[in-house]
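K.L.:
Quick one: the structure is below, questions incoming.
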Amino acid sequence: MDAAGIVTLVRRWSGRQAELLAFVRGSLDRQRRAVAELGFYVAVVVMEMFQAGPARKIKRVKAPKIERLLFANHRFLTAAPEDDVDPMAAGLTPATVVEPAVLRCVFETLEEEMDGGTKLTDEELGRLTVVLKTVVDALHDASRF
């Protein structure tokens with residue numbers, strides 16, 4: 001997608017999910033520019049996926065909900081021993097992920113970027129995973145079917 005297309009999506013979603021976009025931006029603000037841009041882009045694409053999905057309506061996600069999900073995701077994703085968990089598939093089970101297909105697309109996008117030359121440290125990958133899983137969970141909870 002070109003820069004103009006991304007700007008259009010961001011404008012659309014800034015009116016619909018301002019607090020969620022602010023969360024993504026704030027969470028990635030101190031990351032390298034390439035990491036922040038990748039995370040923000042993937043978050044907006046996830047929002048578009050939800051918009052195109054079966055939900056009749058997606059309610060606005062408020063900061064307290066985002067904070068609760070972020071805390072739960074951070075705790076869950078950092079609790080597993082590193083030796084036993086592939087960071088690209090951490091927690092991808094029906095019991096722990098409400099939207100496994102969407103999250104798998106997120107991970108595939110991150111893998112493609114890494115295969116294409118974007119270097120992510122384990123810390124950066126972990127940060128993106130927590131932030132983007134929080135976006136997915138928040139949009140799922142806000143969706144009305």
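K.L.:
State all residues of the range 112-145 that are within 16 Å of residue 102 (Cα to Cα) and without any contact (Cβ under 8 Å) to a residue 24 or more places away in the chain; if no residue qualifies, say none.
P.N.:
112
K.L.:
Would you point out which residue out of 130, 97, 102 is part of a loop (DSSP other than H, G, I, E, B), surrounded by 15 or more Cβ atoms within 10 Å (Cβ to Cβ) and at pLDDT below 95?
P.N.:
Matching residue, one of 130, 97, 102: 97.
K.L.:
Please determine, by comparing only the residues of the range 38-72 that are small (Gly, Ala, Ser) and under 10 Å from residue 139 (Cβ atoms), which one is nearest to the chain's Cα centre (by Cα). Break it down into steps so the answer makes sense when it comes.
P.N.:
Let us first name the residues in the range 38-72 that are small (Gly, Ala, Ser), namely 39, 43, 52-53, 55, 63, 72.
Restricting the remaining residues to those that are under 10 Å from residue 139 (Cβ atoms) gives 43, 53, 55.
On the way: 43: 5, 53: 16, 55: 18 Å.
Result: 43.
K.L.:
Here are some conditions: (1) farther than 27 Å from residue 122 by Cβ; (2) free of Cβ contacts under 8 Å to residues at least 60 places away in the same chain; (3) among the charged types (D, E, K, R). Residue 59 meets all but one. Which one does it not meet?
P.N.:
Among (1) farther than 27 Å from residue 122 by Cβ; (2) free of Cβ contacts under 8 Å to residues at least 60 places away in the same chain; (3) among the charged types (D, E, K, R), residue 59 violates only (2).
K.L.:
Given the structure, is residue 136 in a helix (DSSP H, G or I) and surrounded by 14 or more Cβ atoms within 10 Å (Cβ to Cβ)?
P.N.:
So residue 136 passes the test.
Conditions tested, residue by residue: (1) touching a Leu at 6+ places or on another chain (Cβ under 6 Å); (2) within 23 Å of residue 100 (Cβ to Cβ); (3) of a type in the set (Phe, Trp, Tyr); (4) touching a residue at least 12 places away in the same chain (Cβ under 8 Å).
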{"residue": "11", "(1), (2), (3), (4)": "no, no, no, no"}
{"residue": "19", "(1), (2), (3), (4)": "no, no, no, yes"}
{"residue": "30", "(1), (2), (3), (4)": "no, no, no, no"}
{"residue": "33", "(1), (2), (3), (4)": "no, no, no, no"}
{"residue": "38", "(1), (2), (3), (4)": "no, yes, no, yes"}
{"residue": "41", "(1), (2), (3), (4)": "no, yes, yes, yes"}
{"residue": "52", "(1), (2), (3), (4)": "no, yes, no, no"}
{"residue": "63", "(1), (2), (3), (4)": "no, no, no, yes"}
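The values are calculated or read from the model by the stated rules, or taken from the named source; none is laboratory data. Computed from a prediction, not measured in an experiment: that's the story for all the values here. Backbone-built Cβ (ideal geometry, glycine too); neighbour counts: all protein chains shown.
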